[in-house]
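Working notes for the structure below.
The values are calculated or read from the model by the stated rules, or taken from the named source; none is laboratory data. In this text the structure is predicted, and so the values were computed from the model without any measurement. Methodologically, a virtual Cβ is constructed for each residue, glycine included, from the backbone with ideal geometry; neighbour enumeration extends over all protein chains shown. Keep in mind that these areas ignore ligands, DNA and RNA; they rest on the heavy atoms of the full protein, side chains included. Shrake-Rupley method; radii C 1.70, N 1.55, O 1.52, S 1.80 Å.
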Amino acid sequence: MDLKLCLDGPYGLTARSPLLLFTQAPAAGSSGIYLQVVQLERVYRVAYIGETGATFSLRLCSENASWLCGSDRRSGQTKDLAPDLYCHGIRCYVTPPDDAVVRRCWREQILDDTLIFFGALDVDQAHRRTVEAALIRRLKGCSPAVSKFLYNKPMGSRSFGGTLTVAVPEGVVVEGLEECFSDSF
């Protein structure tokens, strides 16, 4: 199967971003694949790839509110991202400050530095997950700068089995997704 995933964005994740807020994006009410990225000098580096059957707006509002309140995707995680490195596309975990207010400020800075691309995809969850897995495998096969910044772990049991083309707005470069690729895990 061949698929063209058209990404829309980037959008700001918080109101402090100079970009249009993600909840106001044309695709905010759609479901599909989303990429959380940071903008480097000439490219966007992917920090996280997600899929949702809910709307992008509902999923991201819920996920980010939980994270700001102290919940982590992985239970038992005691370290936090270093905001001063994250904004430069480097994933590094450090011991967070004990002060809950300061820790929340750290997390707010990370959200301020995170931008979103949406790829509306009106298919069932199983199909969305194979596309998500193909994107993850693609980025995990890139240079260490790209592969280590991506939070996701490869999903070997979800095979896309085709050629995936990621289309981005003109002038936008998402590291590792510049060319179409085949995924036949």
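Of note:
- Overall shape: prolate for segment 122-162, with the ratio a/c of the largest to smallest alpha carbon gyration tensor axis at 1.5 or above and a/b above b/c.
- Taking the DSSP beta bridges with both ends in the chain, the antiparallel portion is around 75 percent.
- Residue among ALA145, ALA126, ALA82 with the largest mean-square fluctuation in a Gaussian network model of the chain, springs linking Cα atoms under 10 Å: ALA126
- Here segment 1-68 has 54 percent of its accessible surface on carbon and sulfur atoms, given a 1.4 Å probe and all protein chains in place.
- Taking a sphere under 15 Å around the Cβ of ALA54 and counting the other residues whose Cβ falls inside, with K and R at +1 and D and E at -1, yields a net charge of -2.
- Portion, in percent, of the accessible area of segment 129-180 that falls on carbon or sulfur, probe 1.4 Å: 51
- Per residue, the accessible area of segment 11-142 comes to 47 Å² when a 1.4 Å probe rolls over the protein heavy atoms.
- Cut-off 9 Å between beta-carbons: net charge of the residues surrounding THR165, Lys and Arg +1, Asp and Glu -1: -1
- Part-to-part distance (alpha-carbon centres) for segment 134-151 and segment 23-58, which is given in Å: 17
- Diffusion constant of segment 23-147 at 10 °C, which comes from Stokes-Einstein with the Kirkwood Cα-pair radius and 1.306 mPa s, µm²/s: 102
- Per-residue SASA remark: ASP8, around 50 Å² accessible (1.4 Å probe; ligands, DNA and RNA not included).
- Using just its DSSP H runs of length 4 or more, each adding -39500 (n - 2.57), the chain gives a mean residue ellipticity at 222 nm of -8000 deg cm²/dmol after division by all residues.
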